[in-house]
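What follows is a single structure, written as structure tokens, with notes after it.
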Amino acid sequence: MTEEKKKNKERPVEKAKPQPEAAADKNSQSAQPAAAAEKKDAKNFQELRSDIPEIRPGDELKVFYRVIEAGKERTQTYEGTVIAIKNVGISKTITVRKNSFGIAVERIFPLNSKLVQKIEIKKHTKVRRAKLFYLRKLKGKASRLKELR
């Protein structure tokens, strides 16, 4: 009986050996998509625009955006304050808020889009946080930001 127990104990050890090999196969399979992701990131890095200035939250900007309507093309300017920046490589976006005839309007611009012709920074302002969503609650003079000198 003791010999049978020893044999039973040895069998699971033998069965355990194929499991790490299976794990090694999974690791090699996951390495292939990682290599593909690196190639994709390199391609996206080449497509990044270099003519976009360094933008920070609180900056007042003028964004020149190409609009295509009914087969016609024109450039629309959008002036406002940057309240949020999403830093995700090629899909980097900025949220710009402006006050138009007493109504606040926000618009999200993809920075690496070909529709954004150029961006001019009018002034840098002093802010102490990355997302300025608190400006949504403020109205009039309360929503002003101090300019950096």
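The values are calculated or read from the model by the stated rules, or taken from the named source; none is laboratory data. This is a predicted model, so every value here is computed, not measured. Glycine gets a Cβ as well: all are built from the backbone with ideal geometry, and neighbour counts include every protein chain shown.
Worth a mention:
- Hey, GLU106 of a type in the set (D, E, K, R), at negative phi and without any contact (Cβ under 8 Å) to a residue 40 or more places away in the chain or not: yes
- Qualifying position, being at pLDDT below 95, of a type in the set (Lys, Arg) and in contact with a Gly (Cβ under 7 Å, 6 or more places away or on another chain), among LYS98, LYS92, LYS72, LYS86: LYS98
- Taking the criterion of being acidic (Asp, Glu) and free of Cβ contacts under 8 Å to residues at least 24 places away in the same chain, the residues of the stretch 45-70 that qualify are GLU54, GLU69.
- Inspection of the stretch 119-133 finds no residue satisfying the criterion of being of a type in the set (A, V, I, L, M, F, W, C), without any contact (Cβ under 8 Å) to a residue 60 or more places away in the chain and in contact with a strand residue (DSSP E or B) (Cβ under 6 Å, 6 or more places away or on another chain).
- Hits in the stretch 103-149 - residues which are assigned to a strand (DSSP E or B) and over 18 Å from VAL67 (Cβ atoms): ILE103, ALA104, ILE121, LYS122, LYS123, THR125, GLU147
- Test: GLU60 is among the acidic types (Asp, Glu) and surrounded by fewer than 16 Cβ atoms within 10 Å (Cβ to Cβ): no
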